[in-house]
Every structure is written in C-alpha cells, then in structure tokens.
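Here the structure is laid out as structure tokens; the discussion comes afterwards.
Where a number appears in this text, it was derived from the coordinates with a stated rule and is not lab data. Predicted model only: the values in this text are computed from it and were never measured. Every residue, glycine as well, gets a Cβ built from its backbone with ideal geometry; the counts of neighbours run over all protein chains shown.
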Amino acid sequence: MEKTMSGVGFRLMSLMFTIRDLIQPRADVLNEAEIKPGFTVLDFGCGPGGYLPPLVELVGPSGKIYALDMHPLAIHEIKEMANSNRYNNIATIQSDCRTGLQNKSVDTILLYDVFHDLDRPNEVLEELHRVLKADGTLSFSDHHMKEEQVFKQMTGSGIFRLARRGRKTYTFAKAD
C-alpha cells in the first residue's frame, strides 16, 4: 500500500468511516460475502475496524478473524477494540502484503476500499490466492475504481474469476 499516512490523517479517516458506518451499516455489505459461523476471515486493509463487530457476529465463537493493515494505529485500534469488547477470535497482522498465514487457510477474504492504494497489487493478489482455500471467496469493493478496472485487475492474471456480482460487492473465486 502507499506510504503510511500520518496519525492525523488516520484519525480523520477513522472519523469519516465512523460516520459512514452509521449511515450505511457494514453488515449490509458483509451479507453479500456469505460468511458462515466457524469461517476464517482475512480483512485485508482493515483500517480502524468498521467491519469487525459484524464479522465477529457472523463467524461466531468458533470462527477466526485476521485483521491486516500496514498502519500501526490501525493495529492499535483493533487490539483496543478486541480487548474492550472481549473479542477473543481476532488476531492482528501489520503488513502491506505478506500475511504470514498458512496456505489455503482462509474461507473468505475481504478486500474493501484498499485495492486502489496498493503499490504492488499483483503481489497482494498472489498472496491472497495462496492463503485462500480452494472453495474460498474474495469479497471485493472499491468505490475508487470503475467496474472495468475491477475486472481487469482481479481477473487479468488468471488466478481469480468472477463468481458473482452483488449490489455492493464483487465475489471472486480461485480460477484454478
């Protein structure tokens, strides 16, 4: 992803996301990802964690959530949220690409509003492909990109294919 934004910039972004989440609850977006209890989910570019509370509900106590972001303040906020809400199934990963997760260990990947900012999008897609289970899905949304850009970027390398198109997201599956 791009260079880490300043602390002030991150706080302003967090405030904007909080307002967005009040107007358009994140659960509405997550419904299209078809996440089930017990799933392992990677929120790639989690930011301040707006998707995490509804994700915790969806995966239930037997599920696992990995919240990845390159910004140290994002990781700090996620840890604070997890501790204060007693979310025991959230782990944080500070990275801009590599997850450190095992091959084929994730049921669903969330790639929301971050793809346009990636410095190495192909490397990120290869990493996401590596950790995604054979029958897993990648839920994608990026309002900074036009539909044709989304399809070109996500399917151009041949490792992902469009599985379905929702009202708010695109769902991609492994092509192989």
Of all DSSP beta bridges in the chain, antiparallel share, percent nearest 5: 30
Estimated translational D of region 52-118 in µm²/s (Stokes, Kirkwood radius over Cα pairs; 25 °C; 0.890 mPa s): 191
Helix-only [θ]222 nm of the chain, DSSP H runs n ≥ 4, -39500 (n - 2.57) each, per residue, nearest 500: -11000 deg cm²/dmol
Approximate spin-label separation residue 135-residue 91, in nm, with each point projected 7 Å along Cα-to-Cβ: 2.3
Among (1) 15.7; (2) 16.2; (3) 20.0, the entry derived from the coordinates for Kirkwood radius over Cα pairs in Å: (2)
Spin-label pair residue 168/residue 151, simplified geometry with 7 Å Cα→Cβ offset, distance in nm: 2.4
Distant-in-sequence amide H partners of residue 104 (H built 1.01 Å from N, under 5 Å): 131, 132
